[in-house]
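The block underneath contains the structure these notes are about, expressed in structure tokens.
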Amino acid sequence: MKIVEDFPPILTALDRPNSYIGRSVPRPNLARLTQGRGQYVSDTVLPRMVHVAYARSPYAHARIGKIETALAKKSPGVVAVVTGAELSKVITPWVGVLTHLKGIKSAPQHALPLDRACWQGEAVCAVVAKTRAQAEDAVGLVDIHYEELPAVTDMETALDAQTPVIHPELGDNLTFARSHEAGDVNKGFADADEIVETTFVFGRHTGVTNEPRAIIADWNPGEQRLTVYHGTQAPHMSQNLFAKHLGLAEQQVRVITKDVGGSFGIKVHIYADEMAVVALSKMLNRPVKFVADRIESFVTDIHARDHRVKARIGVKKDGTITAWEIDDLTGIGPYSVYPRTSGIEANQVVNLSAASYTCRNYRAKCRVVFLNKNVMCQYRAVGHPIAVAVTEGLVDLAAAKIGMDPVEIRRRNLIPDDAHPSSAPSGIKFERLSHHATLDQLTKMMKYDSLRAEQERLRKQGIYRGIGFTSFVEITNPSAAFYGVGGARISSQDGATVKLDAQGNISVHTSVTEQGQGAESVMAQVAASAFGVPIERVRVIMGDTDNTPYGGGTWASRGTGIGGEATWQAGKALRGNVLAIAASILQAKPEALDIRNGIVVDKATGNERIGLDEVARIAYFRPDTLPPGFQAEMIATRHYVPREFGFAFTNGAQASYLEVDTDTGFVKLLKHWCVEDCGTIINPQLVDEQVRGGVVQGIGGALFEQCLYDERGQMLNGNMADYLVPMAAELPDIEVAHQVSPTAESELGAKGAGEAGTAGAPGAVMNAINDALRPLGAKPLTDMPFTPDKILRALGRV
Amino acid sequence: MSGQIHDITLTVNGQEISETVAARVTIADFLRDNLGLTGTRLGCEHGVCGTCTVRIDGVITRGCLVLAVQCAGTRVETIEGVSDTGEIADLQDAFRRRNALQCGFCTPGMLLTAQELLTRAKDSGNVPSREAIREHLSGNYCRCTGYHAIVDAVEAVAQARAGEK
Amino acid sequence: MKPAAFAYAKARSLDHAVELLGQHDDDAKLLAGGQSLMASLNMRLSNPSILIDINGIAGLNVIAARNDQVEIGALVRHAQAERSPDIARHAPLIALAMPHIAHPAIRNRGTIGGSLAYADPAAELPACLVALDGEADIAGPQGKRSVKAADFFKGMFETALGPQEILAGIRVPAATGQTRVGFSELARRHGDYAIVGLAASARATGKRLSDVRLVYFGVGTAPTRARNAETAIAADAIDDAVAALAQDIDPPGDLQASGEVKLHLAGVLLRRIAKQLAEPRP
Ligand SMILES: Cc1cc2nc3c(=O)[nH]c(=O)nc-3n(C[C@H](O)[C@H](O)[C@H](O)COP(=O)(O)OP(=O)(O)OC[C@H]3O[C@@H](n4cnc5c(N)ncnc54)[C@H](O)[C@@H]3O)c2cc1C
Ligand code: FES
Ligand code: FES
């Protein structure tokens, strides 16, 4: 494969001259990053900065007795040794609940616990020293008296009467439960010719961002202001929560986010050990830095996906699906994570299962229970990989049962492309989807028929290859329906300010943040197109609560669809402002002018009238020459949030082609395909790479990744040698293609694309493995990750 | 020379450096903390992720698994150094145009690792296959890209350097 | 994650290293490639008071074929061995194993001596040394001694090396026209330690194999010979050989696979290796 050259617009839905929409423009920040000249929080150094390391609980559940700190305090370089009780005088606790998740409950969580450690790895005592090494030296000298308590580690028995209750004041270990029923499920199953029932299990896994979590808090007592350098996805959310729990006004807190070494949902939550850092800085009146090391990351970065789903599907001989039923149980940590809660993933499983299909007889329930393991919360594609694998796993099993091709059963049951607007059995609403078009494109792209022929031929030689499909929807562009309505101060709107500088160049200040997905490029492309300048004349400013409009940041595939639209509108507004100035200079009508390629032109003829540099010069330095009463405006700000639909759903289809070594149980991935539909594509290359990266994260969950715990709640593989992340040698090439169904809610028409890959990949791999092994009579594999051990067992080889 | 503190002299990116270091300081920490060369990154500090990759006496090495004192008298090169000399300008440009990086945290390690493969391939007159590229990069973790774009970029440079275009 | 403080000394010679070890009792650690040691120090899993760096000792990085033997110095880097024509020719089993060890940057630094002295039960080289019936050359306060590979590996991360001893190098018999070798391992990801691996050697006379040595790794506390299976392979009875593994090895389960699965995989590897042994090497 060759490097994709930038190509002229092919996908643009927008009628602008010299548009950058739909072009693979290289990202402006890449040269810096390829030279190692990025600036991540872990690189940042401030005067008088000190480092914190934590004494962490070796037990999953223990009463904290006396904490002896005298020896540690004497250790070289140590500045302070701080316990939970001391820190609680500076920072208040929180409870991770939202009102729209009815009945969700959790217990107050402190920056450092007061009397009880509730998971192995929970920070119990902070040691601040001049260097990280010195802080670690002194951590070894802190003597904490623990009394080990029984740990709740099995989600299946967490609600049993004899199981201890982790937070007795809550009454039981149930965090959240929801049931949903639509259509006539009993009748649906009664009408079925075949009913397939199975249990899907998903391995608890985690984000393993290449740069671990990192934060520097700098309280300046003179200014009475806290500046936080934070590797986060949502600077304004962090600002709000730091202020709230330190008892400050938001104005007193500035959050700066420069380069972030990967986030994927890991860096969108409030972590107790990060709250401790802001409190420590306030306490010590100096900058305090915390960079989680990899061992800490494994036991503190949120985990996700620890779900067990019992599921049933009814199907007629002609392939019509007649009913669905799912029962999801998930074991989170000892606390629901703040502020997004740990109920969302299960809630999403209920919302998203069966969502692509016409059968509306759907019964679902979920239960979320507390465990003494590390906390769980939202990680890339929240709930999707589970809902998609369950749904698509059921569809494939049903197809196999009635002897129908997996593509054919999907064709017969997916919501027709002309049936929109429509909704899922869970009630979520779809503006416009293209399930059939994507599936058709997918089967063409992968040459489905010849692949089947090859599979058949190789089977005769004892080579077992499998083809697996998923069709799916992805939640993007979330409105306030996601968090805001539940009372969280997590903004669903984004803002953009576009400014003309004194040389006629522009800067875009956006509340969206860059995590590597390419938001900076997207904003530059959109602003350049909307305003009318070459992209080199656009500078993007992000990740600074002092210098960007208020907004949500980066999560739930929202940056381009929401923040991009705000930038589009602001760019247009500034064009209007600048044309008004130009018109008054030229004594023309603004409507008769346009800005193209950085020059004000006659709209009709394209004739050049005046350069932007000249407009800016007059506006800033010779406003005296403008007509009396005319005030030039060189800045425009716009905000945007979708209102009509709670979410802009996208859809897609994926296929996996793989080979199972039936002697060893090893799976070799041969190829992966994804066709997705994220509406208007601003930069095809960026979308493709979001999909590819996402697919590989999904493959990780399907084949490799799992946080293994023993019955006492000890994580057994919390390092990168034992926790298997996907590496280059095991992965296939991934082909990506698109359908384009723009959302009519915004002018750009862009939806999100960040999670489609992760949503659909695990189910596709699962279905492919089962497809490969079906002729051997193997029991279908539904327990991720699919290790050689499990595959050999399914084959009856051991 | 035996103790916890040592005076060392080494060449970093072509410049001679003399510093006093504690024995326990790794070359990666030394580059980052003493010299401010933060392009050498720390993703795991136990040898698995490859973000700390530097060249010591011309060969790529895990910077988190070598002590600074051990580098006395050696020639150390970092991503900043090879950027400034222009040695990998074509590779960097290919990464940029192919969007073979997202967050960029793995990128310095990837580039230095890929450069070793490319140099060896050039010396032996081969253009490495995609499989060989994947294998050579097998010790460098990237969470963002899924590797495909990285393989594309490295492959394109291998072909270009071999004069194949 | 930073290592606890330690002192550092650079050994000028083997004798100097032995002397330094003597000065610091059990508290000193030799530092070779550091590719295992430094990771465990960073994680504070061990806490020596001093590291004795042997990288500067001259003469320990030599690969030489002489007297029907291949000598490999302890400081030979994995990458050096991987690309050595002498090893490819005279110790083909080691050449086969090398690409499976870790990744390029680690092989550039890690040493043959370090891998053997570290004695990870899932590592490739210890099994190769046993399969080749090689010998370890050891330097210590009493001078030099040699230990047969079979006696060198004592258990999990445990060798015959005394507290003041250093592995100086190894010797393996040079391959002859009759030498057959086989190597195979199953690792989840390229460069990972294996779930199970097998290193094998034999002598071929026509179609007959003798002196069969089948050495498994990742199945116990140290490289493990499958003696009953060896006998069966020599008798060209592959099914019997696979069946015999149940007596030969008793792998404990680990994070990657249960013991049962490891035993099964050992059988799969044996069939693959039997094919390799049956073929003359090109
Ligand atoms: C990500 C990763 C993957 C890896 N994968 C594999 C793999 O698949 N297979 C594999 O075999 N290895 C693997 N390794 C380990 C690697 O091969 C190491 O280099 C090797 O095990 C140790 O060699 P070293 O020279 O680095 O020894 P060091 O780390 O320096 O030392 C290891 C131990 O041996 C002692 N020692 C070293 N040299 C001597 C000597 N001459 N005499 C006496 N004692 C000595 C040291 O004191 C120390 O206790 C991996 C390492 C990493 C980081
Ligand atoms: S930081 Fe050195 S390999 Fe990960
Ligand atoms: S680009 Fe983020 S880890 Fe590779």
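Nothing in this text is a laboratory measurement; each read-out follows from the coordinates by a stated rule. Because the structure is predicted, anything quoted here is derived from the model rather than measured. Because the Cβ atoms are built from the backbone with ideal geometry, glycine has one as well, and the counts that use them run over all protein chains shown.
Provide the packing ranking of A:655-668, A:381-394, C:33-46, i.e. peptides ordered by the mean count of other C-beta atoms within 10 Å per residue, highest first.
Ranked by mean Cβ neighbours within 10 Å, highest first: A:381-394, A:655-668, C:33-46.
Mind checking C:31-38 for the average number of partner chain beta-carbons within 10 Å of each residue's beta-carbon?
Neighbouring Cβ atoms belonging to other protein chains average 4 per residue here.
Rounded to the nearest 500 deg cm²/dmol, what is the calculated helix-only ellipticity per residue at 222 nm for chain A, with -39500 (n - 2.57) per DSSP H run of length n ≥ 4?
Counting only the DSSP helices, I get -7500 deg cm²/dmol.
Report, to two decimal places, the Cα Rg of the stretch C:63-173 normalised by 2.2 N^0.38 Å (N = number of residues).
That ratio works out to 0.98.
Quick one: grab Rg to one decimal and Dmax as a whole number for chain B, Cα atoms only, in Å.
16.3, 54
Net charge within 14 Å of A:ASN477 by Cβ-Cβ distance, Lys/Arg positive one each and Asp/Glu negative one each, not counting A:ASN477 itself?
Net charge in that neighbourhood comes out at -4.
If each of A:ALA70 and A:LYS316 carries a label point 7 Å out from its Cα toward its Cβ, how far apart are those two points in nm?
Spacing of the two 7 Å Cα→Cβ label points: 8.2 nm.
So if I take the centroid of the Cα atoms in the stretch C:230-254 and the same for the stretch B:1-69, what is the distance between those two points in Å?
The stretch C:230-254 and the stretch B:1-69 have Cα centres separated by 47 Å.
When a/c is below 1.5 the answer is rounded, else prolate if a/b is larger than b/c, else oblate, so apply that to chain C with a ≥ b ≥ c taken from the square roots of the Cα gyration tensor eigenvalues.
Prolate is the answer for chain C, as a/c is 1.5 or above and a/b outweighs b/c.
With both bridge residues required to lie in chain A, what share of the DSSP beta bridges run antiparallel, to the nearest 5%?
Taking every DSSP beta bridge within chain A, about 80 percent pair in antiparallel fashion.
To the nearest Å, what is the center-to-center distance of the stretch A:275-329 and the stretch A:657-684, using C-alpha atoms only?
Each part reduced to its Cα centre gives a spacing of 24 Å.
Count charges around A:VAL128 for me, please; just the other residues with Cβ under 10 Å from its Cβ, Lys/Arg as +1, Asp/Glu as -1.
For residues surrounding A:VAL128, the net value is +3.
Inside 10 Å of the C-beta atoms of A:680-689, what's the mean count of C-beta atoms belonging to other chains?
2
What would the Debye formula give as log10 I(q)/I(0) at q = 0.04 Å⁻¹ for the alpha-carbon point model of the protein assembly as shown, no solvent?
Results for the protein assembly as shown at q = 0.04 Å⁻¹ read -0.23.
Please say if the stretch C:7-53 is rounded, prolate or oblate, where rounded means a/c under 1.5 for a ≥ b ≥ c the square roots of the C-alpha gyration tensor eigenvalues, and otherwise the choice is prolate for a/b larger than b/c and oblate otherwise?
oblate
In the stretch C:101-123, which residues have a backbone nitrogen under 15 Å from the label point lying 7 Å from B:ASN126's Cα in the Cα-to-Cβ direction?
Residues passing the 15 Å test: C:104.
Quick one: net charge of A:GLY466's neighbours, Cβ under 9 Å, K/R +1, D/E -1?
Cβ neighbours under 9 Å give a net charge of 0.
If you take the C-alpha gyration tensor of the stretch A:112-154, multiply each eigenvalue by 5 and take the square root, what semi-axes do you get, largest first, in whole Å?
25, 11, 9
Distance cut-off 29 Å, Cα to Cα: go down the list A:LYS790/C:LYS275; A:LYS401/A:LYS429; A:LYS589/A:LYS751; A:LYS74/A:LYS373; A:LYS66/A:LYS373; A:LYS289/A:LYS499 and report the pairs above it.
Where the Cα-Cα span goes over 29 Å, the pairs concerned are A:LYS401/A:LYS429; A:LYS589/A:LYS751; A:LYS74/A:LYS373; A:LYS289/A:LYS499.
How many Cβ atoms of partner chains, on average, are near each residue of C:7-18 if near means within 10 Å of its Cβ?
If you average over the peptide's residues, the count of other-chain Cβ atoms is 3.
I need the shape label for the stretch A:604-743. Rule: rounded when a/c is under 1.5, else prolate if a/b > b/c, else oblate, with a, b, c from the alpha carbon gyration tensor.
It comes out prolate by the Cα gyration axes.
Applying a 10 Å radius around every beta-carbon, put A:183-193, A:510-520 in order of their mean neighbour count, most first.
Top to bottom by mean Cβ count within 10 Å: A:510-520, A:183-193.
Any idea what Rg and Dmax come out to for the stretch A:116-216 if you just take the C-alpha atoms, in Å?
Over the stretch A:116-216's Cα set, Rg and Dmax evaluate to 22.9, 71 Å.
Would you compute, from DSSP H runs of 4+ residues alone, the mean residue ellipticity of chain C at 222 nm, taking -39500 (n - 2.57) per run and dividing by the full residue count, rounded to the nearest 500?
Mean residue ellipticity, 222 nm, calculated: -9000 deg cm²/dmol.
Tell me the label-point distance for the pair A:ASP449, C:SER49, using the 7 Å Cα-to-Cβ offset, in nm and rounded to one decimal.
That separation, rounded to one decimal, is 7.9 nm.
Please work out how much length the chain gains when fully extended from A:VAL45 to A:LYS668, using 0.36 nm per residue of separation minus the C-alpha to C-alpha distance, in nm with one decimal.
219.8 nm
Which order, highest average first, do B:96-108, A:70-82, A:556-568 follow once you tally other Cβ atoms within 10 Å for each residue and take the mean per peptide?
A:556-568, B:96-108, A:70-82
Taking the simple approach of a point 7 Å from Cα along Cα-to-Cβ for both C:ASP240 and A:GLN162, what is their distance in nm?
Simple spin-label model gives 5.2 nm for this pair.
Enter the Cα centre distance for the pair the stretch B:101-165 and the stretch A:513-541, rounded to the nearest angstrom.
28 Å
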